[in-house]
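Data first, discussion second: the structure below is written as structure tokens.
A short reminder: the numbers here are calculations on the coordinates, not readings from a lab. Since this is a predicted model, take the numbers as computed values, not measurements. Because the Cβ atoms are built from the backbone with ideal geometry, glycine has one as well, and the counts that use them run over all protein chains shown.
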Amino acid sequence: MSIAYHLDDATVVAYAGGSLADCLSVVAAGHIAMCDHCRARVRRAEVFGAALLDSLQPEQMDAGALTRMFQRIDGSDWTLPQSGKVSIDSTLPDPVARLLDKPLDQIRWKTTGPGIGLHIIERNEDGSSLFLLKVRPGHKLPDHGHAGQEMTLILRGAYRDQIGRFAPGDVADLDEDTEHQPVIEEGEDCVCLIATEAPARFKGIVPRLLQPFVGI
Amino acid sequence: MVIATIVTDIDRPKPARNSQAEHFAGLLNEVAETRSRQAFAELFEHFGPRLKAFMMRKGANAELAEDLTQDAMIAVWNKAGMFSPGKGSVTTWIYTIARNLRIDRLRREGSRYFTDIDEYEEASDDPASDEVVISREQDALVTGALDVLPADQREVIVMAFMDDMTQTEIAEKLDVPLGTVKSRMRLAYRKMGAVLEDLK
């Protein structure tokens, strides 16, 4: 798969630190599962963690910590983690498939406008949300800016906007000040996984973030 | 730097930074191949107190941090055979184990979403990555790069990696726009990239 649009460097850093906001993190993981390039970038950024771990002022361990350690090792019936359960939809990257309880083709979409189907996965009190969007070929989404961060992973079909052409595997990791107006390519529905995170001043106003997509 | 200052009560001479990384890789290999408790004890002695400090950064009390450290080191013992030197240093590997554990246990809801990139390594059939994979020899240089980062860049890296703060939380804490936090992270990342490029 040839991927043209990747994660922002800042996203790579936050992901490697384990501190990317939850909703954004799952979209990033979906992209990383498909993208060797970004996987290598995350690995590189993880070295920051190693360097910092090494420079922390060590905390003394309890007396007998090592003995306890070996006791646990001796007593454990530990086995290596089973390599994953069967994916609900093997056409999707694992981190995305894990969010669904049925294959993408069987998902029930809530029609929120002409040609637009919405499937909300999560909508949080802190204003962040995670949802799937399915848009008909040729459809034009409203021109919109972003109240907060928005990250979009293309799963099916393709769209074009001011930035370029986004196809499966591509991620649009947009700054909050980026405005764009995606136009879906002819041929196939475009299905995307989208995460939004509200800035502090909008916390609790979820509909505002969904507004461009659902036409509230 | 405060590296390697606590490894005092072992027989071997205190290794320099690069050879320390080699040394850890050797110890981990011994753990994997022969289940050497002596080698493991040495790793535990070095990493245990650092992992405990790491866990306490996020607000775990000493008791919980001790437990989490034990869990992380058990994972090191059990997964030693899965460590691949080509993917980075032992310290980086142990950092990722501790990071994942901390997300699992100390974060309210993050665990469902966080996916470790190790989970995809096998899935990939394209080994030709266009990025440098960090070898263990390069670790020390990155540590050096971290030390020379401007204070404002280093600060956001510390908050993201050690204090588990999201970009938005960092922006609020520092009272700067989100874009500023991101650009500091980008600059820090590129600076590290430049250090690695120089090695080529």
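Table for the structure above
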quantity: Shielding by other protein chains, A:121-130, mean Cβ within 10 Å; calculated: 1
quantity: Residue mean of other protein chain beta carbons inside 10 Å, B:67-77; calculated: 3
quantity: Entries in A:Lys134/B:Lys58; B:Lys79/B:Lys173; B:Lys87/B:Lys191; A:Lys102/B:Lys87; A:Lys102/B:Lys79; B:Lys58/B:Lys87 that, when Cα-Cα distance is taken, lie over 31 Å; calculated: A:Lys134/B:Lys58; B:Lys79/B:Lys173; A:Lys102/B:Lys87; A:Lys102/B:Lys79
quantity: Stokes-Einstein D for the stretch A:1-48, Kirkwood Rh over Cα pairs, 37 °C, 0.692 mPa s (µm²/s); calculated: 310
quantity: Residue mean of other protein chain beta carbons inside 10 Å, A:65-71; calculated: 5
quantity: Protection proxy ranking, peptides B:71-79, A:38-46, A:101-109, average beta carbon neighbours within 10 Å, highest first; calculated: A:38-46, B:71-79, A:101-109
quantity: Size-normalised alpha-carbon gyration radius of the stretch B:148-200, reference 2.2 N^0.38 Å; calculated: 1.18
